[in-house]
1. Using a Gaussian network for chain B with springs between C-alpha atoms less than 10 Å apart, which of these wobbles most: B:Leu260, B:Leu224, B:Leu27?
2. Order the following by accessible area, largest value first: A:Glu214, A:Glu65, A:Glu343. Probe radius 1.4 Å; ligands, DNA and RNA are ignored.
3. Convex hull volume of the Cα atoms in chain B, per residue, in Å³?
4. Which residue, A:Leu342, B:Asn297, A:Phe112, has the largest displacement toward the positive end of the dipole of the protein assembly as shown when charges sit on each Cβ (Lys, Arg +1; Asp, Glu -1)?
5. Please identify the GluC sites (Glu not before Pro) of segment A:104-167 that satisfy two criteria: DSSP loop assignment and at most 12 other Cβ atoms within 10 Å. Which are they?
6. Please give the charge dipole size of segment A:259-357, origin at the Cα centre, charges +1 on K and R Cβ atoms and -1 on D and E Cβ atoms. Round to the nearest 20 debye.
7. Return the percentage of antiparallel bridges among DSSP beta bridges fully within the protein assembly as shown, rounded to the nearest 5 %.
8. Could you check what % of the DSSP bridge pairs in segment B:17-256 are antiparallel, to the nearest 5?
Protein chains: 2
Amino acid sequence: MARVYNFSAGPAVLPEEVLQQAASEMLNYRGCGMSVMEMSHRSKIYQQILATAEADIRELMNIPENYRVLFLQGGAYQQFAAVPMNLMKNRVADYIITGQWAKKAWQEAQLFGTANAVASSADKGFSYIPDCSDLPISENADYVYICENNTIYGTKFHTLPNTKGKPLVADVSSCFLSEPVDVTKYGMLYGGVQKNIGPAGVVIAIIREDLITEDVLPGTPTMLRYKTHADAGSLFNTPPAYGIYICGLVFQWLKRIGGLSAIEARNQEKAAVLYDFLDSSDLFHGTVVKQDRSLMNVPFVTGDEKLDAEFVKAAEAAGFVNLKGHRTVGGMRASIYNAMPLEGVQKLVAFMKDFERRK
Amino acid sequence: MARVYNFSAGPAVLPEEVLQQAASEMLNYRGCGMSVMEMSHRSKIYQQILATAEADIRELMNIPENYRVLFLQGGAYQQFAAVPMNLMKNRVADYIITGQWAKKAWQEAQLFGTANAVASSADKGFSYIPDCSDLPISENADYVYICENNTIYGTKFHTLPNTKGKPLVADVSSCFLSEPVDVTKYGMLYGGVQKNIGPAGVVIAIIREDLITEDVLPGTPTMLRYKTHADAGSLFNTPPAYGIYICGLVFQWLKRIGGLSAIEARNQEKAAVLYDFLDSSDLFHGTVVKQDRSLMNVPFVTGDEKLDAEFVKAAEAAGFVNLKGHRTVGGMRASIYNAMPLEGVQKLVAFMKDFERRK
C-alpha cells in the first residue's frame, strides 16, 4: 500500500519531506559518520541540532526573551503534576474543565493542593467552551489552567480566559504551532509534540522566567523541577535527542512554507472544506458548537452507530485511516493537523459525499 | 565521511543493520502506509510492535512471569526519584556508592527518606568495586541500591552484593543486555536504553510484581507510579513509541546473532583485545582494578594530559570518535557496547600501537 491519509489524533501524520530527510540521514547525519540516534548529547554536532531547534521555535512563535523553552519528557500527563509542583506556591489553582485532559490535569493537581474547577462544559458533553470572561478566579490562585484545544471533543479556546491577572497555564498539545500565538498572554504553555510536531516522547514547555524558581513543593523530583532543565539548557541529563531532531526538521519545514501565518491559512482552508460539508450534509453532522470548533480535530456522527462503524470501515479500505471517534464521543473524528495536506481533506469529503449518495 | 567508529559512552553506536531497516521503513512500515512515528499508540499495528518488543526482551533475558517489563520515560535520573517514591515503604534504603550516578541516586533518595551509604569506593576515585559480601544492611531497609556498571569509571559488579534478604535495585543502563543475567536476583533492574539498546528517551524497568503496589509515598505523581504503567501495559499515556520500535529492532538483532550468551562472548573478545593491549603497553594504561573491569566502558590514560589530548585529536582524525574521557577521570574512555564491532576495537588498538611507536 502507498502512503495513506492518516487522520489519527496522535501520534499523527508528519510532513513526508521530513520523513524522507530523516530516512536519508539515518546512517550518516550530514557526513559526520553516525546517526543522530548515536550522537553524544554533549557533542558539538548534537548541541547544534538542539540550539537550532530552539532558535527556530523561538522565531516561529516569536517567543520573547524572558521566556525559556524546555525540551522535556513524560508527555502532557507528567506536566499535570509538574505544573502544580513548580507553580503552586500558595497551593491553590483554578482549572477550567473543557474535557478529559483538563479534568485529568485538575485531578492530578489535587494531589498537591486545592484545585478549583471554576468553569466546566461537562453539562453538554464538552461540546462547547464556557464563557470565561468573568470567572470566580480565586484571590490566591497561583495560576489558571486550561487545555486550549480539546483533542477528543474538537473544541478550542478562540478567546483566552480572563484570568484577572493570574498566570495562564495552557496545554496546547493538539494546537501547537497551528496558528500564530501571543506568548505574552501565557505564564506557561506546553504540549506533547506527537500531534503537530514530532514523534511521541518529547514535551516542549515555554515558561516565563519569573515562574521558574527554586521554590518548589517539598518532594519534587529533580527531573520535574523546571529550574533543573532551564539552568542546563535542556541538557541536564540525556534528552530525547532523536525526537528533538525530528521536531527541528518540522520547524524548518514550517519556516520553508512561510511560518505560522501560512500554516494557519492552510489549516483554515482545510477545516473549512470539512466543516462546510458537515454543515450542508443530510447524513453527517459535527458535534461542536460552531464558534468553538477546533481547526485540528473534527468530530462528526451520522446519528446511527452501525452506520458510523460502516463508514469507518469503508473509509479505511479506501485509504482514509484512524477516523474512528474517541470512545467517549463515538462516531468519527478527523484530526487534520499541520501535516495533513489539503488534498487529503478534499478526498475525504469526496468520499463522504459518495458514501452519503449511496445511502 | 563514511561511518566512523563511535566510542561514545551514550547515546552510542547502534547496529548498522538496525539503522538500515529503520531508514527503509521510515515512510511506510511494512506496507501499512505510514511511519512508526505516525501511528496511533492505540492501533493494532503499534500494539503488535510493543508486544513483540516485550516478548523479545523477556526471551532474551529469560524474565520470569512474576516480573513486569515497563517502558518508561525520563532517563535513569527520573528513576532516582521513582524508586524511593514507589519502594520506600519504611522510608529507609541502603545505597552502595561506586560512582557519580550511584551518588546522584543516593542524593535524590534523601528527598524522600533516610538513604544510607553502606559502602563506597570514593576513597580511590571509584576505581574499584567495594567488597559487598557482608555490609551493614539496615534492618528496616526497603531495598539495597547499586549502579551495576559504572559508565564513567569503567567498573562493574561481577558479583552482586549480599543484600541480606532485602530487594536489590540496580541501574543497569550501561550493561543492559551485554551478557546473560539472573533476573531473580533483583527486586528491580532498570536502565536508560541509549547505551546498548536504542535512542535516548526510553527507560526499561523490570520489576518483581510484589514490589508494584498502590502504597506509594504521598505526592507521587501518577506518571511516576509503577502501578500506573504496569496496569496499562506501558500504554497509560502515549509512550515514546518510535524509540520502543528501535529497541525492538535491536532485540531482534540480538536474537538473530544468538542472544545474550553470544553477545557476551563477543563482548569478552572485544574487551580482551583492548585490556590485553593496555596491560602490555608502556604508554597507555587502564585506570581500574583488574577484577572489577567493565566489559563496556574502558577508561585509560597516558599519564600526560597533553599527550592524552594529542591522542584524542589524532584518533578522531582517523575516524575513532568520542574517545575523550569523562572530565572527572580525564584521559580517554572507549565505550565498546554491543553494537561496536570487533573490527572497531582491533583497529583502535592498531592505531594506539602505532601512536605509541611514534612517541
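The values are calculated or read from the model by the stated rules, or taken from the named source; none is laboratory data. Predicted model only: the values in this text are computed from it and were never measured. Backbone-built Cβ (ideal geometry, glycine too); neighbour counts: all protein chains shown. Surface areas here come from the heavy atoms of the whole protein model, side chains and all, with no ligands, DNA or RNA. Shrake-Rupley method; radii C 1.70, N 1.55, O 1.52, S 1.80 Å.
1. Comparing B:Leu260, B:Leu224, B:Leu27 in the GNM, the peak value goes to B:Leu27.
2. In descending accessible area the options line up as A:Glu65, A:Glu214, A:Glu343.
3. Numbers: hull volume 47.1 nm³, N = 359.
Normalising the Cα hull of chain B by residue number yields 131 Å³.
4. Value computed over the given set: A:Leu342.
5. A:Glu139
6. Taking the Cα centre of segment A:259-357 as origin, the dipole is about 220 debye.
7. Around 55 percent antiparallel, to the nearest 5.
8. Given both bridge residues lie in segment B:17-256, the antiparallel proportion sits at roughly 45 percent.
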